[in-house]
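Read through the structure below, which is laid out as structure tokens, and then see the notes.
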Amino acid sequence: MIDVRALAESEFRSAHDLFRRALLLAPSKDDAWENARGRHELGRVLGAFDDGVLVGTAIATTNELAVPGGRVAAGAVTGVGVRADRTRRGVLRGLMRAQLDDVAQRGEPVAMLHASEATIYERFGYGVASRHRKVELERARVAFRDDAPRGGQVRVLDWDAAGSLLPGIYRRFGVGRPGWIGRDEAWWTGIRQYLGEGCLVAVHSGEDGADDGFAVYEPKSGAGGTTVDVHDLKGADAAAVAELWRFLLGIDLVARVVGHVRPLDEPLEWWLTDRRRCEVTEIADDLWVRLVDVLAALRARTYGPAEPVVVEVRDAFLPDNEGGYRIGPDGVERSTAEPQLSLDVSTLAALYLGDQLPSTLVAAGRVEVRDPAALAAADRLFATLETPWCGTGF
Ligand SMILES: CC(=O)SCCNC(=O)CCNC(=O)[C@H](O)C(C)(C)COP(=O)(O)OP(=O)(O)OC[C@H]1O[C@@H](n2cnc3c(N)ncnc32)[C@H](O)[C@@H]1OP(=O)(O)O
């Protein structure tokens, strides 16, 4: 019999180490645990027990998520692991049940996570809500076009100097794009420890002298010369982002620059004289979202100008969500009218931030069309100006 309960603070470290073991990592050293501890909120660290023995864990942290036209309270799910000798016996299912119930009780309309494998979370109602890409550029073969945006000044800082600047810059300019999530102090402490001391930070300031962008990057020498891994790059506008890329691609002695977890709509190739020098080597799922309270989650975002559409949502794991929703630019209501489209709640996640249009998911076999006239309206309702992007690991 599996029992799931919230852990006491004194149990957090064993849960953390269980999670690390599940990821095939060694238990944390004391200083690493000191940094990880801050991500453990009392009441949100769950443990699953089999005959009194801890066999699984899942944690959530209190956060928020930018959605089209607004923001919504969100539980950020992480630290999910089950002991390798106890898997496939329903331990994760028990943890997910308890966690989603808790998220609902806290009044958070959505939960979100980054998945270790793409086959785990759909059964619990999660779906891919944003994607990212990886880009690789050979520095010697890259040149910027004359009409690429020009920014201001870039200065290089070490972590100590940059540490107090980055949280403010991140918060100031990121909030608008769907997929943005908050980064608290514990996150910044954790990422610094995770990335290590080899990282440098480039900070961009615009014409007015205000800091409005940064890049966290790490030079690594290897067989083919030095590669700069760009772990985190954010800017207030295209000029700041282009200038940071111009800087990174101009560092002497560097052979290759690799941008990890970049937004799909970053126009890097458009800024180059030879667009093929920007190789997209991966497109992958970024943020997975679970609409825990479908009505509240749908109401948290805005919709494009179109006739309202009645969408039937199926939700086997949280059946209170099942039923029709009338979605229009004037708002969202529960509806008993004949549904025009029908989909699973995990598919709704793919529409939620604007990553996909309903018509694409019809072709994918994931949206059932009962009234063909409603499909174009649904596309216009869910379409967003900006491609969603999270770009924050947790
Ligand atoms: C947000 C994050 O933290 S992501 C990190 C997730 N953790 C890891 O990847 C660490 C390594 N893996 C593990 O710890 C475990 O295998 C877990 C957590 C993925 C799964 O735990 P389990 O207790 O085995 O899952 P459980 O037995 O409850 O399975 C529930 C369902 O998910 C399925 N499932 C579980 N894991 C997987 C998987 N890796 N791939 C495909 N299906 C899976 C099961 O088959 C079962 O299916 P069903 O609903 O058809 O019966």
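The values are calculated or read from the model by the stated rules, or taken from the named source; none is laboratory data. Just so you know, these numbers come straight off a predicted model, no measurement behind them. Every residue, glycine among them, receives a Cβ derived from its backbone with ideal geometry; neighbour counts consider all protein chains shown. Please note that ligands, DNA and RNA were not included when accessible areas were found on the heavy atoms of the full protein model with its side chains. Shrake-Rupley method; radii C 1.70, N 1.55, O 1.52, S 1.80 Å.
Roughly how many Å² of residue 361 are accessible to a 1.4 Å probe, to the nearest 10?
Looks like 20 Å² after rounding.
Please give the peptides 78-90, 140-152 ranked by average Cβ packing (other Cβ atoms within 10 Å per residue), highest first, as a rough proxy for protection. Display every interim value, and only then the final one.
Numbers: 78-90: 15.9, 140-152: 14.3.
Taking the mean over residues of other Cβ atoms within 10 Å, the ranking is 78-90, 140-152.
Relative to the compact-globule scaling 2.2 N^0.38 Å, provide the ratio for the alpha-carbon radius of gyration of region 182-301. Before the final figure, lay out each step's value.
Values: Rg = 17.0 Å, N = 120, 2.2 N^0.38 = 13.6 Å.
So the Cα radius of gyration is 1.26 times the expected 2.2 N^0.38 Å.
Stretch residue 97-residue 360 to full length: gain in nm at 0.36 nm per residue minus the Cα-Cα span? Kindly include the intermediate steps, with their values, before the conclusion.
Working: separation 263, 0.36 × 263 = 94.68 nm, distance 3.06 nm.
The residue 97-residue 360 span can extend by a further 91.6 nm.
What is the extension gain from residue 184 to residue 78, computed as 0.36 nm multiplied by their sequence separation minus the C-alpha to C-alpha distance, in nm to one decimal? All intermediate terms of the calculation are to be shown ahead of the outcome.
Working: separation 106, 0.36 × 106 = 38.16 nm, distance 1.49 nm.
Result for the pair: 36.7 nm of gain on full extension.
Which value, in debye to the nearest 20, gives the size of the charge dipole of region 294-382 about its Cα centre, when Lys and Arg are +1 and Asp and Glu are -1 at the Cβ? It would help to have the intermediate numbers written out before the result.
Working: 8 positive and 13 negative charges, 36 e Å.
The dipole magnitude comes to about 180 debye.
So, in nm, how far is label residue 251 from label residue 138 when the simple model puts each one 7 Å beyond its Cα toward the Cβ?
Computed distance between label sites residue 251 and residue 138 equals 2.0 nm.
Give, in nm to one decimal, the length gained when the segment between residue 171 and residue 221 is fully stretched (0.36 nm per residue of separation minus the Cα-Cα distance).
Values: separation 50, 0.36 × 50 = 18.00 nm, distance 3.26 nm.
That works out to 14.7 nm of additional length.
Mind checking the alpha-carbon convex hull of the chain and giving the volume per residue in Å³?
Working: hull volume 62.4 nm³, N = 394.
Cα-based convex hull of the chain, divided per residue, equals 158 Å³.
If you take the C-alpha gyration tensor of region 2-108, multiply each eigenvalue by 5 and take the square root, what semi-axes do you get, largest first, in whole Å?
Numbers: eigenvalues 112, 61, 30 Å².
Each semi-axis is √(5λ); the values are 24, 17, 12 Å.
What do you reckon, how do 346, 10 stack up by accessible area (1.4 Å probe), largest on top? Walk me through the intermediate numbers first.
Numbers: 346 5, 10 105 Å².
In descending accessible area the options line up as 10, 346.
With an 8 Å cut-off on Cα pairs and a minimum separation of 6 or more residues, tell me the relative contact order of the chain in percent.
On the way: 873 pairs, mean separation 75.8, N = 394.
Averaging sequence separation for qualifying contacts and normalising by length gives 19 percent for the chain.
Could you tell me which of 105, 382, 82 has its Cα farthest along the dipole of the chain towards the positive end, charges placed at Cβ (Lys, Arg +1; Asp, Glu -1), taken about the Cα centre?
My answer, from the dipole projection, is 82.
How do 191, 283, 59 stack up against each other in accessible area, from largest to smallest, with a 1.4 angstrom probe?
283, 191, 59
Could you give each residue of region 372-381 its phi-based ³J(HN,Hα) in whole Hz, using Karplus coefficients 6.51, -1.76, 1.60 with θ = phi - 60°, and x for Gly or Pro?
With the stated coefficients, region 372-381 comes to x, 5, 7, 5, 5, 5, 4, 4, 5, 5 Hz.
Quote the charge dipole size of region 31-174 about the Cα centre in Debye, to the nearest 20; the model charges only the Cβ of Lys and Arg (+1) and of Asp and Glu (-1). Could the numbers behind the result be given before it?
Numbers: 22 positive and 18 negative charges, 84 e Å.
With Lys and Arg at +1 and Asp and Glu at -1, about 400 debye.
Quick one: pull the percentage of alpha-carbon pairs in region 294-382 with a separation above 17 Å.
Values: 1553 of 3916 pairs.
Counting every Cα pair in region 294-382, those more than 17 Å apart make up 40 percent.
Quote the FRET efficiency, to the nearest 0.05, computed for residue 51 versus residue 147 with a Förster distance R0 of 51 Å and r equal to the Cβ-Cβ distance. Before the final figure, lay out each step's value.
On the way: r = 68 Å, r/R0 = 1.33.
Computed FRET efficiency for residue 51 and residue 147 comes out at 0.15.
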